[in-house]
Structures are given as structure tokens and as C-alpha cells.
Ligand SMILES: Cc1cc2nc3c(=O)[nH]c(=O)nc-3n(C[C@H](O)[C@H](O)[C@H](O)COP(=O)(O)OP(=O)(O)OC[C@H]3O[C@@H](n4cnc5c(N)ncnc54)[C@H](O)[C@@H]3O)c2cc1C
């Protein structure tokens, strides 16, 4: 465990540059997919060159996700550039990758990955999967289908209906997809969906963690700026130790989140063996930090923080949505406990 | 009514009366159908707020007219002259009946403003205000906070200047809950800017329909508009509507705030009970069972704290620290309710599948933070506990 090269946890100059370009990009309310994909090339960052990508790694993509998370961008990076792209890459299906990845890397098409299952018979899908991230807009849907050979991943572009769900966080759209004998092609080996999904889920968790850290950083910065300039009792409220200590504690938690997220992002390319633990650890640590950061964002702004106009509530909505996405923190604790062999009272560990 | 009935027979009487005035709560809030709202702050339009207020008002009038409204108030004011905690006994009975759910403005009027009038009002004011307020004919909102005076309420800048036999008010109040349906606003104003801030304050009751009063709703993070900003531009208030002596307004304000703290002890219990019920109905693992049991313990203890206050009041002694911890205990209950529900519902909490009693909990999730800010923020409550109850030295101010 923890064999990662420390250098992978530091930001390179190139990454710093990407970060600053993206911070500016996402700060613009008109930030659009076309520019993000076509000009900055973000969805292709972690896609190998042979599939039309830029051939950088997941850490570069994580920089972009951090900035997207900071701005609560609704653009489909997590669904398309992380979940669907990772699933295709993990399938080792050269044909499927060659068919889909160039368009996903270029952003001319977007895809998503559904975690529920449908019935698959003779290349036709039947059934429904709910709460699919960006499911209403993605051009391509990857979905596990039950086949005689076991759970197999399928790619499906039409023959299904999409019903957008009302959501807590409108910047994170979800949809119910209903397949009515939808034509689909298998991705990866028959019966191979479980391994692909596991890999995609862990990459997704690493990506989600990067987003969560971005959101935390915004919440902390905005709150610090507010308590410095807001006066009550004739002095800045940030001068009260009750406030200072809480923000110092929050900083500790956010630095922990940053570390866990950075480790998970590095593991995707450099230490896949460590990824399962790293991804689950990141989920636990980053979810707690985000929920707390968003709560302090509201609370320390007082009445103004409880208004619709103020951005704080959007971070509350996102923090809670991320907390339950790809497994709840207690489920990831249980997973880690199992990976540690703690299931039978710790007997395995000794 | 003569003499004070013992609690058991009082509850039996209340139940009997309720049986004649309201329907038993049966199918109306049965699990799995009907209204699944757990809203902390309602997301109503102005018309809906008015309509709901009227419905509640009708019920409150019925109660009052039949002697079941202002229980702890003297008979002359339509009450029964019962000890204050009998209101709690009554409410425990009422919970079994299908009566409109009171919005905040009702307890604000009856439990915060009316008692302050009882303490500070002149005989004429008591005559004029108490009956209509206890009967909910007239509701009162709190025109306290301003943009520059929130936690530091004594920093209010709204000016009240003497003028003939009255006063002229100019200022801007914010976060006023219920302003659109209130008849009166209890306005904390600065009458003397020359003296130290706590000494220059006077409280007035302002008619919310007076010329110069402008109400603008503010949208909350829940999406609804249950608070407002209120502009006071040259609003003329007769001296007869001044509550308490000139320059004593801070003490008047403190009586309202103390009543508010006392009144917040039951906050969050309804939704916590419902979350525990949800845990009973959802397939729950070890983690959820533990959280649910813990939340149950909290609701139990929160109720016991209330009973200790009751016991003190019953014994005629002033309640001690237990009366001050209520609000902080309650806001934590609300947060833990969110935590439990999130663990029970998972993704169904954040996306609406149409399933009964799931996405509705977002209203609790988004509303609960409001109570850690409203009515004295959690931080101010902690300052009150540490300084007034524990007697610690004050922070430099
Ligand atoms: C849902 C809701 C309903 C409300 N209804 C009403 C109403 O009907 N009438 C009314 O008049 N007002 C109402 N309010 C306003 C409420 O009373 C104020 O928002 C509150 O007093 C805080 O003031 P503020 O918003 O100016 O925040 P600030 O005073 O600016 O406080 C910002 C943060 O700093 C903290 N802080 C301030 N001073 C200290 C200190 N000394 N030590 C530590 N921390 C400190 C606060 O606790 C808070 O977290 C309502 C507010 C809400 C959210």
C-alpha cells in the first residue's frame, strides 16, 4: 500500500497552467461544452492518442474536474469523460474504443454509464435504468445487460426513452431511461461487465473526489472572504475565535480531502492495485469535507447564506448529491473493511 | 372553569373537546399516501400563504372561542388560567387530530409577542392587542434584523423620531418571516443615537398596512418565499403603539428573544419522529439502525428536557440551564434527521422517482439550516450559554 511516487501528488507547471485556463473558463457563466471540448480539449485529456485523445493522464483530467466542481459546472465531464470513457478503456475492446472514443475525446458526442441492469437478448435491450447521470442528453449510453453469459456491457444510441428526473442539484441532471427492444452492441467480452463497471466506478470516484475538492475550496475561500469583511459587534466576525477555529478545522478537513483525492487520481494510471482502497477512501473523506464546507458556507453567511440568490445553497445541493453518488460513505467504509479483511472480527488481519 | 384540573383529567377533557371540534387523524397522514411534506419552511406563493394562514386562523379562532386557545391566559382574556405547560399537554392531544399545521407566525404571535405585551404593555394596550392576538385575528411578525444588525441586533439603525404625538419610522428590516400575513410588526428602532447602543432602543408595534411600509419577499434556499424585506419610509406610528418605555427597547426585545428560545425546544421533533418511522419502513443496515436508535434517543431526551422545564414551571421555580440548551439541542436534532434520512434513502433523496415520502425530504435537508440561523444563530446561542449560564467572561466587543 501507498507505493505512489510523491511527485505524482504535486501539481506540474503544465497542470497549473491548465488549472488557471479552466478557472477562467468556468468563471464565465456562458462556459460551453463546445469550447471546453473543441478548444481546450478536456474530454480527450486522458484518452490515448491512438483513440484521438491528447494522451495525458487522469491527473490532468482531475485538474479539469476540480475546476468544474469549483464552479458546479453542469457540463457532462464526469459522465462522459470519466465514467463512459473509463468503461470503454477498461473493456479492452479495441473496436468499441476506436468507434466511440474519438468522438467522445473531441466532444462531438457525449456518453454516460448506467449502473442499473436491463435484459439483453439477441442484441436488444429491454428494461429501465433510473438516475442515469446526464442520461437525458448523452448521445450514447453504456449499460450492463443480463445475458446467458453473465452481465455484459452494451452500447446503445437509440430505441429508448429518456425521462429527466426532478433533482436536488439541477447542475447534476439525472434521467430515467426505458429501453424497448433497443438495438445495442456489446462492449468488451461477454460476461465482462462487472470488471469494467468496477474499474469505471473507481475512476468515477477519483473524478468525483476531484470535483468535491474544487467545491470545498470555493466554499472555504468565499466564507473566509465574507467573515473578513462582515462586521458585527464592531469587528469582523472572522475575528471571533468560534469562527476562526471552525474555519481552521475546515481547512484541516479540506487538506485531508485534497490528499485523498490526489492519491486516488494518481492511482488510476500509476497504481491500479491501490485504486480500490484509494477511491473508497477518497469518497469517504471528500464527502465529509464537502458536506461540512457547504454547511459552514451557509451558516457563516447568516441570513444571506439562506437565500436563493446566494450561491451557498447550490453547494449544499451538490455536496449531498455527490455524497450519495457511486455509493454512500458508509458503503465505502464497509468496502474498505472488507478489503482489509475486517469482516470476520479482524481475524484475517492478525 | 374553577381550579386546576390534574394533567390526566385535563388531557381527557381536551380529547373530548377535540372530538367535537375536529376529525381524528386517521387516513389523512397514513404512511404511504396523502401529503408527504416534511417542509421546514413552506414553499408557498403569496396566495397560498394567505389561504393557508386563513385556514389555520379559522381553527385558532374556534379553539379560542371555545376556551381552548389561550390556555395559560386569564379567563378575562379568553383563557383558562392554566399553568403554561398545559399548552404542551393540549398539543400532545391535538396531534391526534386533523387540524391545520400551524405556521411560524402563529407561535410568534401567541408565544413571543403576546407575552411581551403582557409584561411591557400598558393596560390600554393589553385591552387592545391581547384578545385579537390570542384569537389570531391579528398576527404579529418580528421586525428585528437589519442588513447591518443580525447577530448584533442591538446595532439596529432604523430610526424612530418623535413627531407631534407620535413617531416617524425610517429604515430597512430584513429576513422578516410572515410579513405578508401579519397585521403588526414588532419593530426594534433607534430613538437615541447619542447614547450607548443598548440604551438608545425603543420598540413599536407598526401596522403592516400603514402608509410607507413596503414588503418585498425574499426567496430562500428552499425555493420558497417565507421571509421578506420590509422598508419603513416615513411610517407614522402613534405613541400609543410604543411597547415599553422610551430607551428600554432592548429589554423588551430580550423578553421576546427569551420566549423564542423557550419556544424552540420542540423544534425538529416531528420530522425526527418521521425519520425514525422511515427507518422502520426501509430496509436498514447496521449503520442506519444505529443512527435511527441514536436519533430516537435524542428525541426522547429532547422531550425530557421539555418535561424538566415543565416540572420547574409547575413547581413555580424558574427553569435553569435546561431552558437555554433547547434551541441548540433542537438544531442538532434537525441535522441528524437529515443524516439519517440520507443514509436511508441514498440516491432517492436527490432524484425524484415519484415514490411517496422520498424526494420530499429535500425540503427538510434544505430548510433545516435556516433554524441554525433564525431566532439567534447557533453561535449566538453558544455565547449566551457560555456567558449567561456558565458565567464565563465576555468576549471583547
Ligand atoms: C429562516 C430565517 C427566518 C428569519 N426570520 C426572522 C424574522 O422573522 N425576523 C427577524 O428580525 N429576523 C429573522 N431572521 C434573521 C436572523 O435573526 C438573522 O439572520 C440572524 O440573527 C443572523 O444575522 P445575520 O444574518 O446578519 O448574520 P451575521 O450576524 O452577519 O452572522 C454571520 C455569522 O457570523 C456568526 N457570528 C456573528 N457574531 C458572532 C460572534 N460574536 N461569535 C461567533 N459567531 C458570530 C453568526 O452566528 C453567523 O454564523 C431570520 C433568518 C432566517 C435564516
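Worth a mention:
- Multiplying each eigenvalue of the alpha-carbon gyration tensor of region A:6-106 by 5 and taking the square root yields semi-axes of 22, 16, 11 Å, largest first, rounded to whole angstroms.
- Value of [θ]222 nm, deg cm²/dmol, for the protein assembly as shown, DSSP H segments ≥ 4, -39500 (n - 2.57) each, nearest 500: -14000 deg cm²/dmol
- Multiplying the residue separation of residue B:389 and residue B:96 by 0.36 nm and removing their Cα-Cα distance gives an extension gain of 101.8 nm.
- For the segment A:294-304, counting C-beta atoms of other chains within 10 Å of every residue's C-beta and taking the mean gives 5.
- Spacing of the two label points (7 Å from each Cα toward its C-beta) at residue B:163 and residue A:12, in nm: 7.1
- Cα long-axis angle, helix A:312-324 against chain A (0 to 90 degrees, to the nearest 10): 40
- Available extension along the chain between residue B:251 and residue B:47 is 69.8 nm, counting 0.36 nm per residue and deducting the alpha carbon span.
- Per residue, the convex hull volume that the Cα atoms of chain A enclose (Å³): 150
- If you look at the Cα atoms of region A:111-192, you get an Rg and a Dmax of 12.2, 38 Å.
- Here the gap between residue A:249 and residue A:23, fully extended at 0.36 nm per residue and compared with their Cα-Cα distance, gives a gain of 78.8 nm.
- Pairwise FRET efficiency - residue B:4 versus residue A:309, Cβ, R0 = 45 Å, nearest 0.05: 0.30
- For chain B, modelled as a GNM whose springs connect Cα atoms under 10 angstrom apart, the maximal fluctuation among B:173, B:197, B:327 occurs at B:197.
- Based on every Cα atom in chain B, Rg and the maximum pairwise Cα distance Dmax equal 21.6, 71 Å.
- Stokes-Einstein D (µm²/s) once Rh is taken as the Kirkwood radius of region B:238-286 over alpha-carbon pairs, at 37 °C in 0.692 mPa s: 225
- Compared with the dominant Cα axis of chain B, that is its longest principal axis, helix B:362-371 is turned about 40°.
- Axis of helix B:286-314 versus longest Cα principal axis of chain B: the two differ by about 40°, to the nearest ten degrees.
- Rg and Dmax, both from the Cα atoms of region B:267-388 and both in Å, are 16.3, 53.
- The base-10 log of I(q)/I(0) for region B:166-289, evaluated at q = 0.12, 0.14, 0.19 Å⁻¹, reads -0.60, -0.73, -1.11 [Debye formula, identical scatterers on Cα atoms, solvent excluded].
- Taken over region B:34-134, the convex hull of the Cα atoms encloses 121 Å³ per residue.
- Model label sites at residue B:335 and residue A:35, defined 7 Å from Cα along the beta-carbon direction, differ in position by 3.9 nm.
- What the Cβ-Cβ distance of residue B:355 and residue B:314 gives, at R0 = 41 Å and to the nearest 0.05, is a FRET efficiency of 0.35.
- Sites residue A:99 and residue A:149, calculated FRET efficiency, Cβ-Cβ separation with R0 22 Å, nearest 0.05: 0.55
- The mean of 1/r over all pairs of different alpha-carbon atoms in the protein assembly as shown, once inverted, gives a Kirkwood hydrodynamic radius of 28.6 Å.
- Relative contact order for chain A: 16 percent, from Cα pairs under 8 Å spaced at least 6 residues apart, divided by residue count.
FYI, it's all coordinate maths here, none of it is from the lab. None of these values were measured; they are calculated from a predicted model. Positions of Cβ are backbone-derived with ideal geometry, glycine not excepted, and every protein chain shown enters the neighbour counts.
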